[in-house]
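To start, the structure itself, in structure tokens.
The values are calculated or read from the model by the stated rules, or taken from the named source; none is laboratory data. What you see is a predicted model, and the numbers here were worked out from it, not measured in a lab. Every residue, glycine among them, receives a Cβ derived from its backbone with ideal geometry; neighbour counts consider all protein chains shown. The area values use the complete protein model at the heavy-atom level, side chains included, leaving out ligands, DNA and RNA. Shrake-Rupley method; radii C 1.70, N 1.55, O 1.52, S 1.80 Å.
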Amino acid sequence: SQQGEEDPQALSIQEGENATMNCSYKTSINNLQWYRQNSGRGLVHLILIRSNEREKHSGRLRVTLDTSKKSSSLLITASRAADTASYFCALGPTGGFKTIFGAGTRLFVKA
Amino acid sequence: DAGVIQSPRHEVTEMGQEVTLRCKPISGHDYLFWYRQTMMRGLELLIYFNNNVPIDDSGMPEDRFSAKMPNASFSTLKIQPSEPRDSAVYFCASSRTTGLDQPQHFGDGTRLSIL
């Protein structure tokens, strides 16, 4: 399968703690995106990182990309109950025409 | 700006019936995607359009599924006849011109239950 594999599948933390989610993949990519999905809603784009970038920040989000290890991580700092959602990585394969979504990590932040 | 609009939000029908799902993409977006999400299979791309033309329908599971995009502001996904295994949440998404490196904007989905 070409899709990204998120790890862990589920994560439960206390409010204020940091949450780290990982995505590993096997194909060559031009970019990698992270999305959030709240219960009963559609996916919402969070951040895109290109293959020539190593790190990107957006507010409390920090994304890293290591193309040599074919892995990415999403760090949410100082988590809030509102961060409770599923988080998906999405691959933009080199030479491909379709974004490929992983199975997601379910994050639960306890107040 | 209005986001991607899908209707209906929920659909419950009996097997064998025709089901039509509707989507209005964001104005100015040239790409439109239909996805299906289930617990077992995750998020699957069914078909996508570029400038109203179907580009890749390899994800459409069977001939019972069909999708059309008659104009830039409307698309339908039709299942005929429907079966219980078609029960899922169906999402429509759109993105801007360059497609693959652009964020996709998702609607809130149609939750379909086939009895």
Next on the checklist: Just to be sure I understand the interface: list residues from region A:28-50 that lose 20 Å² or more of accessible area between the chain on its own and the complete protein assembly, 1.4 Å probe.
Outcome noted: A:N31, A:Q33, A:Y35, A:Q37, A:G40, A:R41, A:G42, A:L43, A:H45, A:L48, A:R50
Checklist entry - What part of the accessible area of chain A, given as a whole %, is carbon or sulfur when the probe is 1.4 angstrom? => result 46 percent
Checklist entry - Build a GNM of chain B with springs between Cα atoms under 10 Å: which of B:L43, B:L100, B:L21 gets the top mean-square fluctuation? => result B:L100
Checklist entry - Per the 1.4 Å probe, what fraction of the accessible area of chain B, in percent, lies on carbon and sulfur atoms? => result 48 percent
Next on the checklist: Taking 8 Å as the Cα distance limit and 6 or more residues as the minimum spacing, I'd like the relative contact order of region A:1-73 as a percentage.
Outcome noted: 26 percent
Next on the checklist: For the pairs A:K70/B:K78; A:K98/B:K78; A:K69/A:K110; A:K56/B:K24; A:K110/B:K24, flag any whose C-alpha to C-alpha distance is greater than 30 Å.
Outcome noted: A:K70/B:K78; A:K69/A:K110; A:K56/B:K24; A:K110/B:K24
Item to check | Separation of the A:T77 and A:K26 label points, Cα + 7 Å toward Cβ, nm | outcome: 3.6 nm
Checklist outcome for this item: Under a Gaussian network model of chain A whose springs join Cα atoms within less than 10 Å, the largest fluctuation of A:S51, A:S79, A:S39 belongs to A:S39
Item to check | Centre separation in Å (Cα based) which lies between region B:93-115 and region A:52-104 | outcome: 18 Å
